[in-house]
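Presented below is the structure to which this report refers.
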Amino acid sequence: MKFLVFLGTVRDSTPPRPARLGERVAKACLKCLADRYGEHEVELIDALDYPLEPVFKPHFAYAAGRAPGALNELADKIASADGFIMISPEYNHLMSPALANLLNHFGSSLFSYKPSAIVTYSAGQWGGMRAAVAMRTFLSELGCLPVSAMIHVPKAQEVFADNGLPQNAESEASWFDYFGRTFHQLIWWGQATTAHRAKADPHELVRDFKKDPSERNAP
Ligand SMILES: Cc1cc2nc3c(=O)[nH]c(=O)nc-3n(C[C@H](O)[C@H](O)[C@H](O)COP(=O)(O)O)c2cc1C
């Protein structure tokens, strides 16, 4: 199966230090996935690699095939993925605006009927919990339902070094066991939904709205 790992920080300036703390969390997630779940394909989608237009124009607002190449390619990757890992810092108790903005560029039909896993972190003691709660609503609306277990990394600058390895070498197994609870749920749901999508196309049963969300309104 194929999973996309979205990293939602584009903050490469300081203060507060360190900048792009999320790189460390993403590297740790990727290492855990490679070490323990290597049979699955995983690709990092770094929001910093997607400089977007100053005036919001989502992928679905372009005529077919006319969207910028990077958006077209990412749309194809989302469509062909079996699930998603969403890594976000907490900014003012919400998910990163860069991650929300990147995801808002794509219609929910590309994400839907697939699971997602929420990973949050912060420099402070709560590990992005408040952002994570809001992400459940956001990801549910996109149709990539978040699994119940979540990963939160408080004081991430003290947990992971620049290279994504735990500052304390002995703690890698404990952190990866903790990550594993969420990743196992994601993989289980990914296998289940992938198998069932092959049997019954959900987009045939429940029509995606084409022009306006009001198409799904009550009569
Ligand atoms: C605009 C802004 C808002 C922040 N809000 C929170 C917050 O609500 N909760 C928290 O724990 N940390 C907060 N922080 C601190 C971040 O946890 C810390 O800066 C972290 O490094 C952000 O991740 P990043 O470096 O990958 O962008 C905030 C930081 C910024 C820049």
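The values are calculated or read from the model by the stated rules, or taken from the named source; none is laboratory data. It should be emphasised that the depicted structure is a prediction, and the values quoted were computed from it without experimental measurement. Here Cβ is always computed from backbone atoms with ideal geometry, including for glycine, and neighbour counts include all displayed protein chains. Ligands, DNA and RNA are excluded from the accessible area calculation, which covers all protein heavy atoms including side chains. Shrake-Rupley method; radii C 1.70, N 1.55, O 1.52, S 1.80 Å.
Data for the structure
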quantity	calculated
Segment 87-115 residues that are among the aliphatic types (A, V, I, L, M), paired with ones that are assigned to a loop (DSSP other than H, G, I, E, B) and open to solvent by less than 20 Å² (accessible area, probe 1.4 Å) (beta carbon under 7 Å, 6 or more apart)	ILE87/GLY8; MET95/GLY8; ALA98/GLY8; ALA98/THR9; LEU99/GLY8
Residue list for segment 91-118, restricted to those being over 30 Å from ALA200 (Cα atoms) and either touching a strand residue (DSSP E or B) at 6+ places or on another chain (Cβ under 6 Å) or of a type in the set (Phe, Trp, Tyr) (or both)	TYR91, MET95, SER96, LEU99
Residue within segment 48-65 that is within 16 Å of the ligand (Cβ to nearest atom) and surrounded by 13 or more Cβ atoms within 10 Å (Cβ to Cβ) present	yes
Near pairs, Cβ below 9 angstrom, 6+ apart or cross-chain, from segment 8-24 (under 11 Å from SER122 (Cα atoms) and near the ligand (Cβ under 6 Å from one of its atoms)) to any residue that is open to solvent by 70 Å² or more (accessible area, probe 1.4 Å) and outside any loop (DSSP other than H, G, I, E, B)	ARG20/LEU48
Meets criteria (buried (at least 19 other Cβ atoms within 10 Å of the Cβ), within 10 Å of the ligand (Cβ to nearest atom) and outside any helix (DSSP H, G or I)) for ILE87	yes
Scope segment 100-149; condition aliphatic (A, V, I, L, M), over 12 Å from the mean Cα position of the chain (by Cα) and within 16 Å of the ligand (Cβ to nearest atom); matching residues	ALA123, MET129, ALA131, VAL133, ALA134
Condition met for LYS77 (among the basic types (Lys, Arg) and either open to solvent by 70 Å² or more (accessible area, probe 1.4 Å) or free of Cβ contacts under 8 Å to residues at least 40 places away in the same chain (or both))	no
Residues being more than 16 Å from PHE106 (Cβ to Cβ) and among the polar types (S, T, N, Q) - total across segment 65-95	2
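Matching residues to (1) touching a residue at least 24 places away in the same chain (Cβ under 8 Å); (2) part of a helix (DSSP H, G or I):
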| site | (1), (2) |
| --- | --- |
| ASN163 | yes, no |
| GLU170 | no, yes |
| PHE176 | yes, yes |
| GLN191 | yes, yes |
| THR194 | yes, yes |
